[in-house]
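Below is one structure, written out as structure tokens, with a few remarks after it.
The values are calculated or read from the model by the stated rules, or taken from the named source; none is laboratory data. Computed from a predicted structure; not experimentally measured. Because the Cβ atoms are built from the backbone with ideal geometry, glycine has one as well, and the counts that use them run over all protein chains shown. Heads up: the accessible areas ignore ligands, DNA and RNA and are worked out on the full protein's heavy atoms, side chains in. Shrake-Rupley method; radii C 1.70, N 1.55, O 1.52, S 1.80 Å.
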Amino acid sequence: MSWARLQSAFDAIVDAPEHRRDAMVRAASHGDADFERELRELLAADAVQLPLLDRSNAEWASALLADTPWPEGALPQFGPYRLVRLLGEGGMGVVYLGERVDVRRTVAVKLLRDAWLSPARRARFTTEQRALAQLDHPNIARLHDAGTLANGTPWFVMEYVEGLPLHRYCEANACTVPQRLQLFRAVCSAVQHAHDQAIIHRDLKPSNILVTADGTVKLLDFGIAKQIGEEHRDSERTQTGLRMMTPAYAAPEQVRGERVGVFTDVYALGVLLYELLAERLPLDLSSRTPGHADAMILDTEPEPVSRAARAQGADSVAAMRRSEWNDLDVLCMTAMHKDPTRRYRSIDALLRDVDHFVAGEPLDAHPDALSYRASRFVRRRWRESALAAALVLLSAGVGTTYTVRLGRARDAAVREAERRTRLQQFTLALFTGGDEAGPADSLRVVTLVDRGVQEARLLDGDAAGQADLYATLGSVYQKLGRFERADTMLQAALIAHTRAGSRDSLTRAAFLLTLGDLRIDQASYLGADSALTEASALVASRVSTRDDPAVLLQSRILGAVGRRQEEQGRYDSATVTLQQAVARYPASDPDPLVRASLLGELANVQFYAGHYAESDSLNRLVLAAQLARSGERHPAVAEVYINLGATEFERGRFVEAERWYRQAIDIDSAFYGGAHFRTAAHLSMLGRTLVSQERYDEATGVLQRALDIQQSTFGSAHPRVASVLNELGNVALKHRAFDSADAYFTRMAKVYGAANGDAHFTVAVALSNRATGYNDQKQYARAEAIYRDVVRRFTNAQGAEHMNTGIARIKLGRSLIRQQRWAAGAAESEAGYTIVARQAEPGVSFLQAARKDIAEALLALGRPTASAKWTKAWEDNAPSKP
Amino acid sequence: MTLSDQSDVLGTPASGPDSRAELDHLFSVTYEELRRLASSVRRSDPRASITPTALVNEAWLKLAGSPEVAHTSPTHFKRIAARAMRQVLIEAARRRQAGKRGADELHVTFDDAVNAAATDADGLLALDEALTRLAAQAPRQAQLVESRFFGGLSVPETATLLDVSESTVLREWRLARAWLARELAVDA
């Protein structure tokens, strides 16, 4: 029955005079009996009274909406829990003393009176509570059970804790500063435990932290704050109305309604520490309107805790020295920083500094430290550092500069090791939005990520959300260097995306781009190609000139293809592709970082292809973009300086290279303090330029500084330390300080052995360099002995055909020839030559050296013609005079 | 019940969240806000009368600045709020019924039964069911009723929402009302 037909008939007839209706009805019905009956009934019903619809809904609605609290006398029971008496009323709800009737256990029951969960959210509530119930820590009040009442009120049954709120406990017991810090430590370790399970408290404050009579700290209400809207937390209600008290512990991001994270709990703990030390809150919000209080949280800097304590006449003041107060100022301010990225990255980091303070050691937090966000420049740094690493390992040669085709000589294992360390650091930045952390935290990151995977699996009902989560996890695993897992995650993302029935091809293309990128990292180029081709096709169907997101994606995909070509050493193709990528990039400049990263990639390609001038000008473009974006004093700028320096270095312009490196180091030191490992890497590069200028003493000083930093950051058994030792050894060789050189190389071998295992090729490199020293001192027999060992090691570690094995054989040959054992020497040198010649450029110093040696040996063996051929080859390849 | 359970034509709003998930989330947020408002009014004055219209307006004022509502027009918001309000009221009515029948002792019942109100609860539930049936036949008209009745949208607001004239709104309301009246008479 057509409603429209009914409607127009009804309209026409309903107000018509009574006597005409009948006829009109019949006319409108056209003999349709069902229609006629329907029409008549409806016309009749028009006259019927419908109180519900017709009169005001105020009364009955009011009555229905009234949820009165239960009368005092009749406390409800739900499930196995019986409420005994009211313990208190807080901002969030009421707390009762309760009892579990079957097991006779005393519990605390909290009812969140104003957290009316919508039906959709009730379902999720149970899952979330189960996660919280897993929290098992001596300093966290155990959550036994949770649920919702029929009307949607959430309830929680928790371990019953008798104790005083933290600040009152400290007051009542006249706790000293060390005692307060110990209590604070217990709080921190409890919160960190929760963070390990990916649970953020969000509402840390003294009233949620009780201390029992025996001094045990107990944290309450984990995760409960998540159930209620932010504006209703910590509000006080009276009989006559609402009085809102803006939470004193709310972090700026909570006030702004933004994402919360680990850093939010860090903030709250900072405020807590402040309060413990100064005996007052950092900001006085008590008499402010909510709006004004919010503004204060966002903008007003609190007084340093030292001043506040003094003004307050707190007991803690007299107990400590000025320098100690300075440290506490830094501690509090770093934890309470308004910018989440500038706070301590994790509770553990905060704890470490508390421990430093208690032990009288200097803090990690730097008063001027600015934060650094992980950015897409990550990949550039690997490249540059891989380059540095490659140069370092191979530079212990026969004393002259040379060019090696890095594309082929690059060693995957070195790259991998470099990458792992850097990636772990950046992942932390990803998780906590903060600065880089030291290696020890990476385990925790992995736990968080693995937990994320579990959660993702639970999201089966929300396929689109699941896809996003998998994709994010994929990126994280990639940054952790766990490529196989990352690959699995991204493929899961694609499957979930398909299951969601989404026709959003751009999102799919973006996932595919990430997958392609990852596969390039894994050097599985066929897989990369298939992902990138599919991505490209998806975007091509969507793109139009005005569709900036699609065009940007296209540009990025081309960037990835270019990178793949670069990794395979196809520099010409890579150049063309990357130029296309840059050309495609939208004119509206939606994401300057992408553009800069494309230019940077192109700069790298040009560098590897040996086009230093082009590389230089591209890097200058990147520099301009980065300067415009961040100003001079930013680590990303330092990185571009490093790349510019590396280019100058390759062109043999050491003075210019030195200038760039020094500028980079300047920025590093301002940012990270003089003792940061990144500064150390750059110091190593500076050292190399000084060596090339024959300023050996200065080089040694610089490198020694780098060594100290690497040692204190990574410990004495770390590859980074070994690589600096290598540099120092080479410098020593250059100015003939053979004993030092020997000491350095011996230690280098030990360190690599400890870090990578004795069979690792890096140990062989160290020994080889040591042997070079003996060669230089003309102690050929000793050199020979070591070289034999080295050849054996390289053969086992990297294969008989590996470049390093070839080079070692050339060196072994030389040591034999110098002992006038012509035949044996020539044989080794020729064997080594064959291997190296296949992989390096003909003019390389090793090959030149081999040619010379072989010529000499053959001459001595009475084979002048053969010898002459080698001599000619040597002449042909001799570098032309500048 | 979420928005996506309803077999009703929400249409593409001129402004507002596009995806199902966003709509559901907005619905949840609105639902919770309405309940909070209702109970807070109650707490400050037990005898105050609360109209759904007033609540929806209050909720809009409260949520207007929040991220979930950022891209939503007041009218579109009120349509969603009307749906949420309906759910709040229906749930309350069901609890009344349950309390009256003495069901579910384990859970807390919140009110001292008021008989007149109980009758209203039954009536409301019947109306809700009838409205659901109407939605199967005339979705737009059902939406009109829901928006006006539960959401308190005025005639001009409803006209904007459905993109029709005000006289159309009034005419359609009249027929829908008649239809519902007939349904309810049959039930009784």
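How crowded by other chains is B:123-135, given as the mean number of beta carbons from other chains within 10 Å of each beta carbon?
Rounded to a whole number, the mean comes out at 1.
Counts of other chain beta carbons within 10 angstrom of each beta carbon in peptide B:168-175 average 4.
So how do A:11-23, A:552-564, A:614-626, A:802-814 stack up, highest first, on mean other-Cβ count within 10 Å?
Output ranking for A:11-23, A:552-564, A:614-626, A:802-814: A:802-814, A:552-564, A:614-626, A:11-23.
Going by a ≥ b ≥ c, the root eigenvalues of the Cα gyration tensor, does the stretch A:291-356 fall in the rounded group (a/c under 1.5), the prolate group (a/b larger than b/c) or the oblate group? It is oblate, given that a/c is not under 1.5 and a/b is not larger than b/c. Go through the stretch A:580-588 residue by residue and turn each phi into a ³J(HN,Hα) via Karplus (6.51, -1.76, 1.60, θ = phi - 60°); whole Hz please, and just put x for glycine and proline. In residue order, the calculated couplings are 4, 4, 5, 5, 6, 4, x, 5, 6 Hz.
How much accessible area per residue does the stretch A:825-882 have, in Å², with a 1.4 Å probe?
53 Å²
A full extension of the chain between A:Ala785 and A:Ser524 corresponds to an added length of 89.9 nm, given 0.36 nm per residue minus the alpha carbon distance. Computed from protein heavy atoms with a 1.4 Å probe, the total accessible area buried between A and B is close to 5400 Å².
Per residue of A:41-47, other chain Cβ atoms within 10 Å of the residue Cβ number 6 on average. On a per residue basis, the stretch A:663-743 carries 33 Å² of accessible surface, using protein heavy atoms and a 1.4 Å probe. With 20 Å as the limit, the listed pairs A:Lys734/A:Lys872; A:Lys778/A:Lys872; A:Lys110/A:Lys205; A:Lys205/A:Lys338; A:Lys734/A:Lys778; A:Lys734/A:Lys811 have A:Lys734/A:Lys872; A:Lys778/A:Lys872 beyond it between alpha carbons.
Taking square-rooted eigenvalues a ≥ b ≥ c of the alpha carbon gyration tensor, is the stretch A:689-823 rounded, prolate or oblate, where a/c under 1.5 means rounded and, failing that, a/b exceeding b/c means prolate?
Cα axes put the stretch A:689-823 in the oblate bin.
Take the Cα of A:Thr834, step 7 Å toward its Cβ, do the same at A:Arg659, and the gap between the two points is 5.0 nm. The residues of the stretch A:154-193 expose, per residue, 40 Å² of accessible area to a 1.4 Å probe.
Modelled spin labels at A:Glu36 and A:Asp548, positioned 7 Å past Cα toward Cβ, are 6.6 nm from each other. Backbone amide hydrogens, once placed in the peptide plane, bring A:Val84 within less than 5 Å of A:Leu97, A:Gly98, A:Glu99, excluding anything fewer than 5 places away on its chain.
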